[in-house]
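**Student:** One structure coming up, written as structure tokens, with questions to follow.
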Amino acid sequence: MSAADAGFGRSAILAYGALGLPLAFAALPIYVYVPRLYADSLGLSLATVGFVLLGVRVFDAVSDPLIGWLSDRLAGRRLLVLSAMPLLAVGMFGLLVPPQGAGALWLAVLVTLVSLAYSVATIAYNAWGAEVAPTRALRTRVVASREAFALFGVVMAAALPGLLAAEGGEAQGLSRMAWLFIPLLMLCGGWTLLAAPLAPPRRHMRQPVLAGLLAALSCRPFRKLLLVFAANGIAAAIPSATVLFFVADVLQAPQLAGLFLVLYFLSAALSLPAWASLSRRIGKLQTWLAGMVLAVLVFAWASLLGAGETTAYAAICILSGMALGADLAMPPSMLADLLAGEGDSGDARAGSWFGWWNFVTKANLALAAGLSLPLLGWLGYAPGVRSADALSGLATVYALLPVALKFVAIGLLWHWRSAIEPAPKHGETA
């Protein structure tokens, strides 16, 4: 079935992808800017910030799969997205514009609110995308549209704090960015809710909560894909949690941090068509492997950099951004293929699967922050400390720890390749 036959012209695919922009816009500050905002401006220790972020994900361990299960019982993906948008707007504003004296409790409450709203919107949105696309090739296009918008949202979130800072520094830039987030969420969310294609009707699930949650994990290929996704995701998230410290103290170029982030995420967005094209030739799993190998080579190079090597680091941002494109496009598309390959019972099941997927996504980010930030402190690093031992520890955590985890993910993906990527149905391309 062609995209046109399914009612999927380019405008429909773009409309679906639009909501990815504000959702990604909301996700980046929590793990890139919030640690430094609350450590530098409000005086919290890196260990405290790291443990708060990790603690919130304990809440996610229960909430995300439950949200997915509830989404399948309601089977109203658009309504769930709509209900989450106001909470996300309020939570982001409070998180990025904290009052004087805000401490760990404020951080914990606001991150929890943002996380809950983000989970409801993202799980319903991703399940919607998996259900609406009838073929493997079209599922790749739908995911690529969503991730391309998401990456442009990340680029905006990376660039705006510096552009809006003026004399008030990064904290003022984040405050002004919070005001822009609300209309951005309304515009992009409205485009998706009003113009994106509707998924085929699904029967509401009637399974008890425990049975519903375990049903997804009973699928062995899904479990294996989820484990690979977790190992690879932690590897990708550790640099996100530590990049500003690396740029400020190893490269000693904090004024270029926004530019580096823009290069990284813009490169990822621009690489998506190439990864999608490659996946049609060699398969999605092999394409994902190629992206992982590229990331290993690039981060090994990053571990060798020192002060002032900004041109080399710009090249690293571009190449590692390309590797990120494969990480973003291939795994959710492979997950949608697994869902389709499990048989079409007519039941709404995608929410439960994406509930676990979303939990692992956020657990990756939290584990990266909760482990890497205290590890930096244990190795003797603190913001602004530039002793040889401290910088060596920072470079190891930022670059070499992700390389080790990437090797784990590569080994698992290759070992389980026959189970994770099902063969195409008759007449269907990758």
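**Student:** Any idea which residue in region 91-101 is surrounded by the most Cβ atoms within 10 Å (Cβ to Cβ), counting only those that are touching a Leu at 6+ places or on another chain (Cβ under 7 Å) and small (Gly, Ala, Ser)? Spell out the reasoning first.
**Tutor:** Filtering region 91-101 for residues touching a Leu at 6+ places or on another chain (Cβ under 7 Å) gives 91, 94-96, 98.
Cutting the leftovers down to small (Gly, Ala, Ser) gives us 91, 94.
Working: Gly91: 21, Gly94: 18.
Top of the filtered list is Gly91.
**Student:** Kindly indicate whether Ala104 is open to solvent by less than 30 Å² (accessible area, probe 1.4 Å) and assigned by the TED database to the domain that holds Gly189.
**Tutor:** Criteria not met by Ala104.
**Student:** Considering every residue within region 130-137, establish whether at least one is in contact with a helix residue (DSSP H, G or I) (Cβ under 6 Å, 6 or more places away or on another chain), under 25 Å from Ala268 (Cα atoms) and among the polar types (S, T, N, Q).
**Tutor:** No, region 130-137 contains no residue that is in contact with a helix residue (DSSP H, G or I) (Cβ under 6 Å, 6 or more places away or on another chain), under 25 Å from Ala268 (Cα atoms) and among the polar types (S, T, N, Q).
**Student:** For a quick check of your reading of the model, give me the residue pairs whose first member lies in region 247-264 and is open to solvent by 10 Å² or more (accessible area, probe 1.4 Å) and of a type in the set (Ser, Thr, Tyr), whose second is at pLDDT 85 or above and in a helix (DSSP H, G or I), with beta-carbon atoms closer than 7 Å and at least 6 apart or on different chains.
**Tutor:** Tyr264/Cys317; Tyr264/Ser320; Tyr264/Gly321
**Student:** If I filter region 88-101 for residues that are under 19 Å from the mean Cα position of the chain (by Cα) and among the polar types (S, T, N, Q), do I get at least one hit?
**Tutor:** No; the residues of region 88-101 include none that is under 19 Å from the mean Cα position of the chain (by Cα) and among the polar types (S, T, N, Q).
**Student:** Which ones in region 122-142 are open to solvent by 10 Å² or more (accessible area, probe 1.4 Å) and not in a helix (DSSP H, G or I)?
**Tutor:** If the condition is that a residue be open to solvent by 10 Å² or more (accessible area, probe 1.4 Å) and not in a helix (DSSP H, G or I), then Pro134, Thr135 are the ones that fit.
**Student:** Please specify each residue of region 43-81 satisfying the condition of being at pLDDT 80 or above, basic (Lys, Arg) and either open to solvent by less than 50 Å² (accessible area, probe 1.4 Å) or within 19 Å of the chain's Cα centre (by Cα) (or both).
**Tutor:** Within region 43-81, just Arg77 meets the criteria.
**Student:** Going through region 109-121 one residue at a time, which ones are open to solvent by 10 Å² or more (accessible area, probe 1.4 Å) and either closer than 18 Å to Leu21 by Cβ or touching a His at 6+ places or on another chain (Cβ under 8 Å) (or both)?
**Tutor:** Narrowing region 109-121 to residues open to solvent by 10 Å² or more (accessible area, probe 1.4 Å): 109-110, 112-113, 116, 118, 120.
Matches in region 109-121: Tyr118, Val120.
**Student:** Another one. Could you list, in sequence order, all residues of region 302-318 that are touching a Ser or Thr at 6+ places or on another chain (Cβ under 9 Å), surrounded by fewer than 20 Cβ atoms within 10 Å (Cβ to Cβ) and of a type outside the set (Val, Ile, Thr)?
**Tutor:** Scanning region 302-318 gives a single hit, Ser303.
**Student:** Can you tell me which residues in region 146-172 are among the small types (Gly, Ala, Ser) and either buried (at least 22 other Cβ atoms within 10 Å of the Cβ) or at positive phi (or both)?
**Tutor:** Initially, region 146-172 is screened for residues among the small types (Gly, Ala, Ser), giving 148, 150, 153, 157-159, 162, 165-166, 168-169, 171.
Residues satisfying the conditions are Ala148, Ala150, Gly153, Ala157, Ala158, Ala166, Gly169.
**Student:** Counting only residues that are within 30 Å of Gly370 (Cα to Cα) and charged (D, E, K, R), which one in region 189-234 is modelled with the lowest pLDDT?
**Tutor:** Restricting to residues being within 30 Å of Gly370 (Cα to Cα) and charged (D, E, K, R), the top hit is Arg220.
**Student:** Turning to a different aspect of this structure: Would you be able to say whether some residue in region 342-357 is modelled with pLDDT of 85 or more, more than 28 Å from Pro273 (Cβ to Cβ) and assigned to a helix (DSSP H, G or I)?
**Tutor:** Within region 342-357, one or more residues are modelled with pLDDT of 85 or more, more than 28 Å from Pro273 (Cβ to Cβ) and assigned to a helix (DSSP H, G or I).
**Student:** Can Leu105 be described as assigned to a helix (DSSP H, G or I), without any contact (Cβ under 8 Å) to a residue 40 or more places away in the chain, aliphatic (A, V, I, L, M) and under 14 Å from Ala27 (Cα atoms)?
**Tutor:** Judged against the criteria, Leu105 is not a match.
The values are calculated or read from the model by the stated rules, or taken from the named source; none is laboratory data. No experiment lies behind these values; they were computed from the predicted model shown. Quick reminder, even Gly has a Cβ in these numbers, built from the backbone with ideal geometry, and neighbours come from all protein chains shown. These accessible areas exclude ligands, DNA and RNA; they are computed on the full protein's heavy atoms, side chains included. Shrake-Rupley method; radii C 1.70, N 1.55, O 1.52, S 1.80 Å.
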